[in-house]
1. Which whole-number percent gives the relative contact order of chain A, counting Cα pairs below 8 Å spaced six or more residues apart?
2. Give the cross-link partners of A:Lys71 among the aspartates and glutamates, using a straight C-alpha distance below 20 Å as the criterion and excluding same-chain residues fewer than 8 apart.
3. Averaged over its residues, how many other protein chain Cβ atoms are within 10 Å of peptide A:43-50's Cβ atoms?
4. In nm, give the distance between the simple-model label positions of A:Ser58 and A:Leu117, each being 7 Å from the Cα along the Cα-to-Cβ direction.
5. At q = 0.21, 0.22 Å⁻¹, what log₁₀ I(q)/I(0) does a Debye calculation on the Cα points of chain A give, no solvent, two decimals?
6. Tell me the relative contact order for the range B:4-111 as a rounded percent, counting alpha carbon contacts under 8 Å between residues six or more apart.
7. Taking θ = phi - 60°, what integer Hz values does the Karplus form 6.51 cos²θ - 1.76 cosθ + 1.60 yield along the range A:90-97, in sequence order, with x for Gly and Pro?
8. Summarise the partner chain shielding of B:100-109 as one whole number: the mean count of Cβ atoms from other chains within 10 Å of each residue's Cβ.
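Derivation of every value follows stated rules applied to the coordinates shown; laboratory data play no part. Predicted model, so just to flag it, every value in this text is computed and none were measured. Note: ideal-geometry Cβ built from the backbone for every residue, glycine included; neighbour counts use all protein chains shown.
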Amino acid sequence: EAGVAQSPRYKIIEKRQSVAFWCNPISGHATLYWYQQILGQGPKLLIQFQNNGVVDDSQLPKDRFSAERLKGVDSTLKIQPAKLEDSAVYLCASSLDHWSSAGETQYFGPGTRLLVL
Amino acid sequence: QQQVKQSPQSLIVQKGGISIINCAYENTAFDYFPWYQQFPGKGPALLIAIRPDVSEKKEGRFTISFNKSAKQFSLHIMDSQPGDSATYFCAASSIGNEKLTFGTGTRLTIIP
C-alpha cells in the first residue's frame, strides 16, 4: 500500500512570508496528524483530525498556523506569517481509526523541511 | 507531567553488541509505549510497542523492557548491525487520547 505522501519536501522562505504544506494520508485512514519536529527534538503534535473534524489543536499556534482537512482525506497546513523559529520538519501521519484498542499505529510521511531566513 | 525523558542523546555501539536506550515518564495515565526508528530524510516508523500489562516484549532482535513501578521503559537491540544506525524515539500515549508524546531522541551509530 502507498504510504503517506507530503509535498513539498523542502521549502525556503523569508520571515513574514506565508507557506503551505500538503499531505495525502494512507487510503482509508480516518485520523490525520500534523507534527512539528525541530532539529534535535522529538516530533510535537500540532493538530489531529478525525475525518474532517479537529480532535486536538491545543498545541497549534493559532495566531499564525492553520490547518484543514477537506472531505476527510487530504490536508493542508499553513503558516502565515512565518517566523525564524518555525524552521523545522513538518511531519504528517495517519492512522486507521480514532483509538481502537491497544494503540493505533501512526504512519508518518517523509516530512517537509522548512527553513525560514 | 506530559514529558517523556530519553537517554542517552547519542550512542555508539560496536557491531554485534547490545544497544540500550532508556525512557522515563511521569504521567501515570500513559498506557501505550511505542518506539519509533527514524532514518535521515525519512519520517519515523514504528519499531515495536508495549502495553503496561506485560514487562517485556520481544520482536526479533528488538526487545522492550517495561518497569511500571519505576515508570521506565527501555529498548534493547541485540546483535546491533550497521543498518540499525538511526535515531530512535520513545513515545507514550493514553487510552482515549492517542496523542503521542515523544522523547527527545537517541542517535545510534553502529561501528564495524
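1. Details: 295 pairs, mean separation 42.7, N = 117.
Contact order relative to length: 36 percent.
2. Cross-link targets: A:Asp56, A:Asp57, A:Asp97.
3. Counting Cβ atoms of other protein chains within 10 Å of each residue's Cβ and averaging gives 3.
4. Each label point is offset 7 Å from its Cα along the Cβ direction, giving 3.9 nm.
5. -1.16, -1.26
6. 38 percent
7. 9, 9, 10, 9, 9, 9, 5, 8
8. 3
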